[in-house]
Each structure stands twice: as structure tokens, then as C-alpha cells.
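*Asks:* Could you have a look at this structure, given as C-alpha cells, before my questions?
The values are calculated or read from the model by the stated rules, or taken from the named source; none is laboratory data. All figures in this text were calculated on a predicted structure; none of them were measured in a lab. As a convention, Cβ positions derive from the backbone with ideal geometry for all residues, glycine included, and neighbour counts pool all protein chains shown. SASA here: full protein model, heavy atoms, side chains in, ligands and nucleic acids out. Shrake-Rupley method; radii C 1.70, N 1.55, O 1.52, S 1.80 Å.
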Amino acid sequence: PLSDIAGEDFEDAVNVLTELEVVSGYPDGTFKPDNIVTRAEMAVIVVSALGLSNYATGTANFSDMGGHWSNPFVAYATSLGVIAGYPDGTFKPDKTVSYDEAATMLVAALGYNTDSLVGTWPANFVTKAKTLGILDGIKAGVTGANRGDIATMTYQTLDQGIGKTNKDGD
């Protein structure tokens, strides 16, 4: 058991995701729920939550991914349409992931895309995440998504159906 999650709102989420090997604690036995998650870490979490870690291979086609530890996960998540880079051809793996980006990645992992959602980014993905209950209990901040919130959001995504959606959202 991780020493810093007992009695916290995200305790069950962290315990389940740890058991599923989606997230892990630190060597000192803590989870550090207030630490901010990077875009690379979020890519790993999403691929792991999909149960596809063993398929994470390849090299991402972003100019800033060469030699980065998360390269196979970013490459695979990109091929699934779960994540995207920036217009300048970068992914910025060590940049903090925003709540909007995290919600987008989780909703995209369920099979939703811009064609199947109403509105423009990020409102379209955030609205869908809210409708699906992924954001229940989350108070998004501007500093980046923390490990406790990401665990909760990921956990609340686990019971959603995965598939493809058409332009009508079906």
C-alpha cells in the first residue's frame, strides 16, 4: 500500500490502477498525488489503461522525441489517434499535461474524435468527458493535471464503452 493515499478521494482509483499496472508509486512507498503529470506520462497512462502496453513500439514522428524514454508509447498512442502533437512538429513530452489535454486523451481513447463531437477543442472533448462522468469530482487548475486527479479521471474512464463514433456521435 502507498503511504500517502489513505483516506483520500482518489484512494480507490490509485489502488485499482496500481493493481492493473496503469500507474505506480515511487520507490519510497508514496504516490505523490500532487505531482504534476507530463504529456509523456499521460501517453503511458492511457496506453496502459487500454491494456496495450505490450504493443507500445515504434518511433514517434515528432522532432523532439528522439531518445525520449516514452517514445514507443507516444508512437503507439499517436497511431491510435489518442494523442497529437503541436503544429510545429513537436510533442513536448516533458511539458505538463493540462486538464483539457488529459480529458482529450481519455475521450479519444474511447473512440471519439473531432468529427463525432460538437464544437471546437477543447470544449468538445471536455464536454464529452463531463457527460461521461470522467471529470466527476475534478476541480481543474491552470498549473497542469496532478497525479491524484489523473488517477481519478482514468479510473472513471475504465467503465466506459470503447468503439468508433460517426459524425452524428453514434
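*Asks:* Under 1.5 on a/c is rounded, so check that first for region 99-168, then, if it is not, pick prolate when a/b is larger than b/c and oblate when it is not; a ≥ b ≥ c are the square roots of the alpha carbon gyration tensor eigenvalues. Could the numbers behind the result be given before it?
*Replies:* Values: a/c = 2.29, a/b = 1.45, b/c = 1.57.
The shape class here is oblate.
*Asks:* I've got another one for you. Calculate the dipole size of region 70-150 relative to its Cα centre from +1 charges on Lys and Arg beta carbons and -1 charges on Asp and Glu beta carbons; express the result in debye to the nearest 20. Could you put the intermediate results ahead of the total?
*Replies:* Numbers: 6 positive and 7 negative charges, 27 e Å.
Here region 70-150 has a charge dipole of around 140 debye.
*Asks:* One quarter of the convex hull surface, Cα atoms only: what value does that give for the chain in nm²? Spell out each step's value before the answer.
*Replies:* Details: hull surface 39.3 nm².
The orientation-averaged projected area of the Cα hull of the chain comes to 9.8 nm².
*Asks:* How large is the convex hull of the C-alpha atoms of region 81-125 per residue, in Å³? Don't jump to the answer; show the numbers that get you there.
*Replies:* Numbers: hull volume 3.5 nm³, N = 45.
For region 81-125, the hull spanned by Cα atoms encloses 77 Å³ per residue.
*Asks:* Let me ask something additional. For the chain, modelled as a GNM with alpha-carbon contacts under 10 angstrom, which of 37, 126, 142 fluctuates the most?
*Replies:* 142
*Asks:* Let me ask you something else. For the chain, modelled as a GNM with alpha-carbon contacts under 10 angstrom, which of 149, 34, 12 fluctuates the most?
*Replies:* Looking only at 149, 34, 12, the biggest GNM fluctuation is shown by 34.
*Asks:* So what is the relative contact order for the chain, in percent, with contacts set as C-alpha pairs under 8 Å and at least six apart?
*Replies:* Here the relative contact order equals 25 percent.
*Asks:* Further question: What is the distance in Å between the Cα centroid of region 129-170 and that of region 1-45?
*Replies:* If you average the Cα positions of each part, the centres end up 16 Å apart.
*Asks:* Let me know the charge dipole size of the chain about its Cα centre in debye, to the nearest 20, where only the beta-carbon of Lys, Arg (+1) and Asp, Glu (-1) is charged.
*Replies:* Values: 10 positive and 21 negative charges, 107 e Å.
The calculation lands at about 520 debye.
*Asks:* Under the rule of -39500 (n - 2.57) per DSSP H run of 4 or more residues, summed and divided by the residues of the chain, what mean residue ellipticity at 222 nm is obtained, to the nearest 500 deg cm²/dmol?
*Replies:* Values: 6 runs with 59 residues, N = 170.
Rounded to the nearest 500, it is -10000 deg cm²/dmol.
*Asks:* I've got another one for you. If you roll a 1.4 angstrom probe over the protein chains with everything in place, what fraction of the accessible area of the chain belongs to carbon and sulfur, to the nearest %?
*Replies:* Values: 4580 of 8900 Å².
Looking at the chain in its full context, I get 51 percent from C and S.
*Asks:* Suppose we flag trypsin sites (Lys or Arg not before Pro) only when DSSP calls them loop and at most 11 other Cβ atoms lie within 10 Å. Which is the longest uninterrupted stretch of the chain?
*Replies:* Values: sites that count: 139, 164, 167.
The longest such stretch corresponds to 1-138.
*Asks:* A follow-up question, please. Just how much of residue 117 is accessible, in Å², when a 1.4 Å probe is used and the result is rounded to the nearest 10?
*Replies:* 20 Å²
*Asks:* So what are the three principal axis dimensions of region 26-95 from its Cα atoms, in whole Å, longest to shortest?
*Replies:* Ordered largest first, region 26-95 gives principal extents of 37, 25, 20 Å.
*Asks:* Setting aside same-chain residues fewer than 8 positions from residue 128, which lysines have a Cα under 20 Å from its Cα?
*Replies:* 139, 164, 167
*Asks:* Accessible area per residue, 1.4 Å probe, Å², for the chain: what's the number? The partial results should precede the final answer.
*Replies:* On the way: 8900 Å² over 170 residues.
About 52 Å² of surface per residue is accessible.
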